[in-house]
Amino acid sequence: MREIPFLDMKSPYAELQSELDSAWQRVMRSGWYILGQEVEAFEQEFARYVGTQYCVGVGNGLEALHLILRAYDIGPGDEVIVPSNTYIATWLAVSYAGATLVPVEPVEQTYNLDPERIEAALTPRAKAILVVHLYGQTADMDGINALAQKHGLKVIEDAAQAHGARYKGKLTGNLGHAAGWSFYPGKNLGALGDAGAVTTNDAALADRIRTLRNYGSKVKYYNLEKGFNSRLDELQAALLRVKLPRLDEWNARRARIAALYLDSLRDTGLALPFVPPGMQPCWHLFVVRSKEREALQAHLKAQGIGTMIHYPVPPHLQQAYRELNLPEGSFPISEAIHREVLSLPMGPHLSLEDAQQVVEAVKSFFAPLPPREPLEARQTSAL
């Protein structure tokens, strides 16, 4: 029995080794490691890919979201709509800016923000909607953008899991006023360390984020405001430039795995991902739901198959946010999701043969037990 990791982190390097090594050597030989030609080139190439006018490289995805909020002067006294069902980094960005979190439940089928619930949660203090394209599938952007326009709100995309995902033909990162990206190594477009970016069509926003990321400075040693140190470094930019041209191809490989899972697991009793019309996920994760999650995960582990839970505890139940006084039961849809979700192996280097092994292992968990011999027959045979 072959062991199947949840995510293969070695094969991407093996596939691109010569190009990645060449990029590394190019940076090492340049003698320039912060905010140089590699970052500028990646910013241009990624903006072109996403379809925005601007891209600003920053340290990581959390800082990308934080800097967007800061650059829009969203802070104390302001409210930001956030998903109740997300990774905690989305909430942390709002907290770092000093704004007030307003969690909103998702559409249960898609796990993403529900526009109807957003409207019910809006107050005159609301300034932005922070949209997460969870697991690599876009949220209902028509509904969200219509609400934002009606109420004068900024729409900020948390696109950390949505590299290459499309909404009605348009790429994520270009669906709102600005988007924050993470290039954490496990992402569809992953660096070899922490890295992030902001994409936008807002020239003033891009200019201010460039200042904020660099200590509040445009000219060295002259500081316009109290900024931060959040800069995409030259090495990570060079490595991302190698991977970016492969993103669509690697996402297509993910889509083939997802198609196999969707077709083969539909009769197992699992709740499978639901893709509404007009959505084209990038399949960052393939997330199923089961009330028997722990037993299923243990069964797959025993068969050498790695899985993960994204995420076991929703943000409002984390100790980090105990001051919000949001007890269990405050967001029942999100709480049910976090109790039941399980991520199956997914990635561009997972073979169809290995994916089929995952399918068979899942099916064996749900397979009915063989019929037992009647008690009378067992007693007779024992005589």
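The values are calculated or read from the model by the stated rules, or taken from the named source; none is laboratory data. If you're wondering where the values come from, they're calculated on a predicted model, not measured in any experiment. Ideal geometry is used to build each Cβ from the backbone, glycine not excepted, and the neighbour counts take in all protein chains shown. These area figures cover heavy atoms from the full protein model, side chains too; ligands, DNA and RNA do not enter into them. Shrake-Rupley method; radii C 1.70, N 1.55, O 1.52, S 1.80 Å.
Where does the chain land at 222 nm, in deg cm²/dmol rounded to the nearest 500, when only DSSP H runs of n ≥ 4 count, each adding -39500 (n - 2.57), divided by all residues?
Result for the chain: -12500 deg cm²/dmol, rounded to the nearest 500.
Keeping all protein chains in position, work out how much accessible area ASP8 exposes to a 1.4 Å probe, and write it in Å² to the nearest 10.
For ASP8, the solvent-accessible surface is approximately 50 Å².
What percent do you get for the relative contact order of the chain when only Cα pairs under 8 Å and 6+ apart count?
21
Going highest first, how would you order 195-201, 158-164 by mean Cβ packing within 10 Å?
My ranking of the peptides, most packed first, is 158-164, 195-201.
Using a basic spin-label model with each label point 7 Å from the Cα along Cα→Cβ, how many nm lie between LYS170 and TYR222?
Label-label distance for LYS170 and TYR222, simple model: 3.8 nm.
Using a simple spin-label model with points 7 Å from Cα along the Cα→Cβ vector, what separation in nm is obtained for GLU323 and GLN109?
Distance between the two pseudo-spin positions: 4.0 nm.
Determine, at each q value in 0.19, 0.24, 0.28 (inverse angstroms), the log₁₀ of I(q)/I(0) that the Debye formula gives when each Cα of segment 195-268 is one equal point scatterer.
-0.88, -1.07, -1.17
Would you mind finding the longest exposed-site-free stretch of the chain, with exposed GluC sites (Glu not before Pro) meaning DSSP loop and at most 13 other Cβ atoms within 10 Å?
Longest gap between qualifying sites, sites excluded: 4-224.
How big is segment 1-84 on each of its three principal axes, counting only the C-alpha atoms and giving the largest first in Å?
Extents along the principal axes, in whole Å: 52, 45, 24.
Provide the percentage of antiparallel DSSP beta bridges, counting only those with both residues in the chain; round to the nearest 5.
60
Return the whole-Å distance between the Cα centroid of segment 200-264 and the Cα centroid of segment 91-154.
22
If you filter segment 28-87 for chymotrypsin sites (Phe, Trp or Tyr not before Pro), then keep DSSP loop positions with at most 16 other Cβ within 10 Å, what is left?
Filter output for segment 28-87: TRP32, TYR33.
Under 4 °C and 1.567 mPa s, how fast does segment 245-362 diffuse according to Stokes-Einstein, given a Kirkwood radius computed over C-alpha pairs? Answer in µm²/s, whole number.
Here the translational diffusion coefficient equals 82 µm²/s.
Can you give the convex hull volume per residue for the Cα atoms of segment 66-148, as a whole number of Å³?
Spelled out: Cα convex hull of segment 66-148, divided by residues, is 85 Å³.
Work out the FRET efficiency for ARG48 and LEU272 from their Cβ-Cβ distance, taking R0 = 35 Å, and round it to the nearest 0.05.
That pair, ARG48 with LEU272, gives E of 0.50.
Starting from the 7 Å offset along Cα-to-Cβ, what nm value, one decimal, do you get for the label separation of SER351 and ARG117?
About 4.2 nm, to one decimal.
What percent does the relative contact order of segment 255-332 come to when contacts are Cα pairs within less than 8 Å and at least six residues apart?
Relative contact order here is 18 percent.
What does the accessible area of VAL27 come to, in Å² to the nearest 10, when a probe of 1.4 Å is used?
Surface accessible to solvent at VAL27 totals approximately 0 Å².
If R0 is 35 Å, what FRET efficiency do you get for LYS301 and ALA259 from their C-beta distance, rounded to 0.05?
The computed FRET efficiency comes out at 0.90.
Using amide H atoms built in the peptide plane, which far-off residues or other-chain residues are under 5 Å from TYR54 H to H?
The list, which skips near neighbours in sequence, is THR200.
Considering only lysines 8 or more places apart in sequence, or on different chains, count the pairs in the chain whose C-alpha atoms sit under 18 Å apart.
For the chain, the number of qualifying lysine pairs is 9.
If you take all C-alpha pairs in the chain, what percent of them are over 28 Å apart?
Tail fraction, whole percent: 49.
What's the longest uninterrupted piece of the chain once you rule out the trypsin sites (Lys or Arg not before Pro) that are loop residues per DSSP with at most 13 other Cβ within 10 Å?
11-124
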